[in-house]
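The values are calculated or read from the model by the stated rules, or taken from the named source; none is laboratory data. Source: prediction; values computed, not measured. As a convention, Cβ positions derive from the backbone with ideal geometry for all residues, glycine included, and neighbour counts pool all protein chains shown. Side chains are part of the model used for accessible areas, which takes the heavy atoms of the whole protein and leaves out ligands, DNA and RNA. Shrake-Rupley method; radii C 1.70, N 1.55, O 1.52, S 1.80 Å.
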Amino acid sequence: MQHWYARKVDVKSLGFSGYNSRWALLIMNRLFKKGGSTAKTALITIFLGINDASFDDSSQHVPLGEYRENMVKILNHLRHTYEKASIVLITPAPIHNSKLEKNLVEVYGSFLNRSSENALKYVQVCLEISKEYGIPALNLFEALGNGNQDLADKYLIDGIHLSSEGNTRLFEELKKIIEDELPHIDPKNMPMIAPYFGDIDVDNLAPCLLDDLEAYEKLNESKF
């Protein structure tokens with residue numbers, strides 16, 4: 001994603017290992033505040049649910065109804081804070097049940113605490129929210145094989161976290177959504193930050209560089 005958007009926008013990743021939607025909701029107001037760079041944010045992705053989908057006896061578990069409520073609150077907070085930003089929901093991925101169980105037993109001495117079948121329930125809620133609020137959703141569960149365990153073995157490094165192939169698939173699907181549904185933030189439709197080196201007029205260096213940056217800033221102000 002950083003390579004795709006090179007010299008167009010900055011790409012920032014903010015992740016909290018092991019968090020569920022309940023915990024994420026509690027820290028939203030501190031993490032995402034109106035003002036500053038929020039006015040120039042082009043795209044936000046929300047990727048929560050795989051920990052919520054843990055079994056009932058897990059400390060990470062969040063009931064399905066509460067997951068829906070939390071996701072709607074998170075979505076509304078981000079829509080209010082980043083008024084011009086596009087938002088894409090990313091559903092939970094499938095689980096490779098036996099691979100995850102093997103890893104949990106060997107590394108943590110614990111047993112299987114989630115399943116692909118249970119994750120699918122949270123996927124469906126995420127897709128329902130997308131439809132209800134009219135925002136794009138990336139169905140990662142479907143993109144990674146719809147629970148097919150042979151494909152999950154390829155896309156999940158330890159049964160739950162994405163492998164390099166899984167991350168590539170995620171990027172490909174997000175790229176497609178941007179190209180098809182959010183063309184205004186497709187990199188090919190966005191100006192480059194400062195001119196390409198071959199276009200720099202070395203005899204008029206300051207005007208060439210600074211005028212180009214000023215034009216870039218004005219264009220982005222009108223788009224985001």
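With mean projected area of the Cα convex hull in nm² as the read-out, I listed (i) 13.4; (ii) 14.1; (iii) 15.5; which label goes with the value calculated from this structure?
Recomputing mean projected area of the Cα convex hull in nm² here picks out (ii).
Please give the helix 164-181 orientation as an angle from the longest Cα principal axis of the chain, in degrees from 0 to 90, rounded to the nearest 10.
It is inclined by approximately 60 degrees.
Got a number for the accessible area of V202? Probe 1.4 Å, square angstrom, nearest 10.
About 110 Å², rounded to the nearest 10.
State the extension gain, in nm to one decimal, for the chain segment bounded by L112 and L209, taking 0.36 nm per residue of separation less the distance between their alpha-carbons.
Extra length from L112 to L209 when fully extended: 29.2 nm.
Measuring with a 1.4 Å probe in the full set of protein chains, what accessible area per residue, in whole Å², belongs to the range 14-141?
On the way: 6500 Å² over 128 residues.
It amounts to 51 Å² per residue over the range 14-141.
Picking from A206, F141, C126, whose Cα lies most toward the positive end of the charge dipole for the chain (charges on Cβ: Lys, Arg +1; Asp, Glu -1)?
Final value for the positive-end residue is C126.
Pairs of alpha-carbon atoms within less than 8 angstrom and 6+ residues apart define the contacts here; what relative contact order does the range 88-224 have, in percent?
23
Using a 7 Å offset from the Cα along the Cα-to-Cβ direction at both S17 and Q149, what is the distance between the two label points in nm, to one decimal?
In this crude label model, S17 to Q149 measures out at 2.8 nm.
Please state the charge dipole magnitude for the chain, taken about the Cα centre, from unit charges on C-beta atoms (+1 on K and R, -1 on D and E), reported in debye and rounded to the nearest 20. Intermediate values should be presented prior to the final figure.
Values: 24 positive and 31 negative charges, 123 e Å.
For this selection, approximately 600 debye.
Under a Cβ-Cβ cut-off of 13 Å, what is the net charge of the residues other than N97 that fall near it, where Lys and Arg count +1 and Asp and Glu count -1?
It works out to a net charge of -2.
Quick check: the angle from helix 116-133's long axis to the longest principal axis of the chain, C-alpha only, nearest 10 degrees?
40
Note the angle between two axes, namely the Cα long axis of helix 64-81 and the longest principal axis of the Cα atoms of the chain, as a number of degrees from 0 to 90, rounded to the nearest 10.
10
Which of rounded, prolate, oblate describes the range 99-178, given a ≥ b ≥ c as roots of the alpha-carbon gyration tensor eigenvalues and a/c under 1.5 marking rounded, otherwise prolate only if a/b is larger than b/c?
oblate
How high is the relative contact order of the range 1-124, in percent, with contacts defined as C-alpha pairs under 8 Å that are six or more residues apart?
28
Grab the DSSP H runs of the chain that are 4 residues or longer, score each as -39,500 (n - 2.57), total them, divide by all residues and round the 222 nm result to the nearest 500 deg cm²/dmol.
Value at 222 nm, helices only, nearest 500: -13500 deg cm²/dmol.
Less than 13 Å apart at the alpha-carbon level, and either on another chain or at least 8 residues along: which aspartates and glutamates does that give for K99?
D150, D153, D158
Relative contact order for the range 128-174: what percent, with Cα pairs under 8 Å and sequence separation of 6 or more?
Over the range 128-174, the number comes to 29 percent.
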